[in-house]
1. Could you give the length gained on full extension between THR24 and MET92, defined as 0.36 nm per residue of separation minus the Cα-Cα distance, in nm?
2. For an R0 of 22 angstrom, estimate the FRET efficiency from the Cβ-Cβ distance between LYS84 and SER16 and round to the nearest 0.05.
3. List every residue whose amide H lies under 5 Å from the amide H of ASP35, counting only residues 5 or more places away in sequence or on a different chain, with H placed 1.01 Å from N in the peptide plane.
4. Can you give the local net charge around ASP35? Use residues other than it whose beta-carbon is closer than 11 angstrom to its beta-carbon, Lys and Arg +1, Asp and Glu -1.
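Only the coordinates and a few stated rules stand behind these numbers; no lab work does. This is a predicted model, so every value here is computed, not measured. For neighbour counting, all protein chains shown are included, and Cβ atoms are generated from backbone atoms with ideal geometry for every residue, glycine included.
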Amino acid sequence: MFTKVRSGEIRVLLGSTAKMGTGTNVQKRLIAVHDLDIPWRPADLEQRAGRIIRQGNENKNVQIFRYVTKGTFDAYSYQTLENKQKFISQIMTSKTPARKGEYTYRTISGFN
């Protein structure tokens, strides 16, 4: 099936993040990816984009569509995913967090 996708014989391919993950070399003619759900791990979102943004794709311009229904749990899930990615990026790059706190320490006496 992947050979038919690479040749253009199959023009639409549906698959989950797991099924379309490692070893799926179908990028030759891809022009768009449509994400219909939100993964829990930032790496899964990166894996999805990696299916189309790859060396060997004949299309210079590609599109990634992510569908979110306003006022549903989807928006919250994307925000959570974004926060996870920011946290991971801070750890991996050793950059300080965007927010810093001021701490004041006091010694309280008079307790027996």
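1. Numbers: separation 68, 0.36 × 68 = 24.48 nm, distance 2.71 nm.
Working it through step by step, the gained length comes to 21.8 nm.
2. Working: r = 20 Å, r/R0 = 0.91.
Computed FRET efficiency for LYS84 and SER16: 0.65.
3. Result for ASP35 returns PHE65, ARG66, TYR67.
4. Values: positive: ARG48, ARG51, ARG66; negative: ASP37, ASP44, ASP74.
So the surrounding residues net to 0.
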